[in-house]
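*Asks:* Dropping a structure here in structure tokens format, bear with me for questions.
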Amino acid sequence: EPEVTQTPSHQVTQMGQEVILRCVPISNHLYFYWYRQILGQKVEFLVSFYNNEISEKSEIFDDQFSVERPDGSNFTLKIRSTKLEDSAMYFCASKTGTGSNEQFFGPGTRLTVL
Amino acid sequence: QQQVKQSPQSLIVQKGGISIINCAYENTAFDYFPWYQQFPGKGPALLIAIRPDVSEKKEGRFTISFNKSAKQFSLHIMDSQPGDSATYFCAASQGSGYSTLTFGKGTMLLVSP
């Protein structure tokens with residue numbers, strides 16, 4: 001069964017460093033998302049991406065964040081200068097198209113900022 | 001108005017019992033209401049979902065009840081099993097385009113043997 005994959009599973013970085021989180025969405029999906037989950041809290045929307053551009057972003061997704069689909073398979077989230085409060089689980093999700101609402105989530109990347 | 005409120009925060013149920021988790025929403029434009037199950041260290045996985053044109057949807061031991069006038073929906077897990085122990089999130093979205101999910105805060109369910 002096709003699945004969303006994410007790498008790395010765990011990333012440890014120093015405050016102020018740049019990190020890139022990688023995702024490979026399901027191959028025929030057209031909509032891509034990043035969500036984050038701070039430990040013990042709810043899943044929060046960051047950004048959606050469709051047709052090579054951002055469709056919607058939350059207030060969390062400030063200028064420190066960027067997304068890119070550098071090729072036909074990868075979808076990346078870059079945090080330019082990490083802060084302690086960026087420590088969270090980051091989930092990538094994808095869905096097929098306008099005919100479906102079902103979003104498939106990857107296993108997540110745990111980001112720890114020291 | 002975009003919030004989805006979920007209760008209880010945690011729930012302990014005996015094996016074979018019924019687990020009930022409730023959610024309420026404000027935004028009447030929401031038209032898709034999924035429930036996600038999350039095991040520790042894993043991503044959320046879609047369990048069951050409903051649209052507001054039906055009042056109930058059942059898949060195996062899992063049932064969503066939907067009350068459009070009250071803007072509430074709930075998940076019932078019949079014959080709860082220890083393997084159902086997980087965190088459950090309700091969510092809501094609108095439209096069929098990029099349809100961002102708004103999640104509730106989650107319910108940690110423990111089914112005791």
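*Asks:* Tell me, what is the per residue accessible area of the protein assembly as shown in Å², probe radius 1.4 Å? Can you show the working numbers first?
*Replies:* Values: 11150 Å² over 227 residues.
That works out to 49 Å² per residue.
*Asks:* Moving on to the next point. Select from the range B:8-77 those GluC sites (Glu not before Pro) which occupy a DSSP coil region and have at most 16 other Cβ atoms within 10 Å, ordered by residue number.
*Replies:* Working: sites: B:E26, B:E56, B:E59; in loops: B:E26.
Here the sparse-neighbourhood loop sites are B:E26.
*Asks:* So, one more: What's log10 of I(q)/I(0) for the protein assembly as shown at q = 0.10, 0.14, 0.15 Å⁻¹, Debye sum over Cα points only, no solvent?
*Replies:* Summing over Cα pairs of the protein assembly as shown leads to -0.45, -0.88, -1.00.
*Asks:* If one computes P(r) from the Cα atoms of chain A, what percent of pairs lie at distances over 17 Å? Walk me through the numbers before you get to the answer.
*Replies:* Numbers: 3236 of 6441 pairs.
Every Cα pair in chain A considered, those over 17 Å come to 50 percent.
*Asks:* Distance from the Cα centre of the range B:69-113 to that of the range A:50-114, in angstrom?
*Replies:* Cα centroid of the range B:69-113 versus Cα centroid of the range A:50-114: 22 Å apart.
*Asks:* Quick one: dipole size for the range A:5-113, taken about the Cα centre, charges +1 on Lys/Arg Cβ and -1 on Asp/Glu Cβ, in debye to the nearest 20.
*Replies:* On the way: 10 positive and 12 negative charges, 57 e Å.
Dipole of the range A:5-113, to the nearest 20 debye: 280 debye.
*Asks:* Among B:F89, B:V13, B:A24, which residue has its Cα positioned farthest towards the positive end of the charge dipole of chain B, with +1 placed on the Cβ of Lys and Arg, -1 on the Cβ of Asp and Glu, and the dipole taken about the Cα centre?
*Replies:* Highest projection toward the positive end goes to B:V13.
*Asks:* Taking the Cα centre of chain B as the origin, how large is its charge dipole in debye, to the nearest 20, when only Lys and Arg (+1) and Asp and Glu (-1) carry charge on their Cβ atoms? Walk me through the numbers before you get to the answer.
*Replies:* Numbers: 10 positive and 7 negative charges, 22 e Å.
Rounded to the nearest 20 debye, it is 100 debye.
*Asks:* In whole Hz, what ³J(HN,Hα) sequence does the range A:106-113 give by Karplus (6.51, -1.76, 1.60; θ = phi - 60°), x for Gly and Pro?
*Replies:* Those phi angles translate into x, x, x, 10, 8, 9, 10, 9 Hz.
*Asks:* Report the number of Lys pairs in the protein assembly as shown whose alpha-carbons are under 18 Å apart, with separation of 8 or more residues or on distinct chains.
*Replies:* Total qualifying Lys-Lys pairs in the protein assembly as shown comes to 14.
*Asks:* Here's another thing I want to ask about it. Go through the range A:37-52 residue by residue and turn each phi into a ³J(HN,Hα) via Karplus (6.51, -1.76, 1.60, θ = phi - 60°); whole Hz please, and just put x for glycine and proline.
*Replies:* Working through the residues one at a time gives 9, 5, 3, x, 10, 7, 6, 10, 5, 10, 7, 10, 9, 8, 6, 6 Hz.
*Asks:* Semi-axes of the equivalent ellipsoid of chain B: what are they in whole Å, largest first, if each equals the square root of 5 times a C-alpha gyration tensor eigenvalue?
*Replies:* On the way: eigenvalues 108, 42, 30 Å².
Over the Cα atoms of chain B, the semi-axes work out to 23, 15, 12 Å.
*Asks:* Next question, about the same structure. Using the Cα centre as the reference, give the magnitude of the dipole from point charges on the C-beta atoms of the protein assembly as shown (Lys, Arg: +1; Asp, Glu: -1; all else neutral), rounded to the nearest 20 debye.
*Replies:* 460 debye
*Asks:* If you filter the range A:3-59 for GluC sites (Glu not before Pro), then keep DSSP loop positions with at most 14 other Cβ within 10 Å, what is left?
*Replies:* Numbers: sites: A:E3, A:E18, A:E44, A:E53, A:E56, A:E59; in loops: A:E3, A:E18, A:E59.
In loop regions of the range A:3-59 (DSSP not H, G, I, E or B), the sparsely surrounded GluC sites (Glu not before Pro) are A:E3, A:E18, A:E59.
The values are calculated or read from the model by the stated rules, or taken from the named source; none is laboratory data. No experiment lies behind these values; they were computed from the predicted model shown. Cβ: placed from backbone, ideal geometry, glycine included. Neighbour counts: every protein chain shown. Remember, those area values only see protein heavy atoms, side chains included, never the ligands or the DNA or RNA. Shrake-Rupley method; radii C 1.70, N 1.55, O 1.52, S 1.80 Å.
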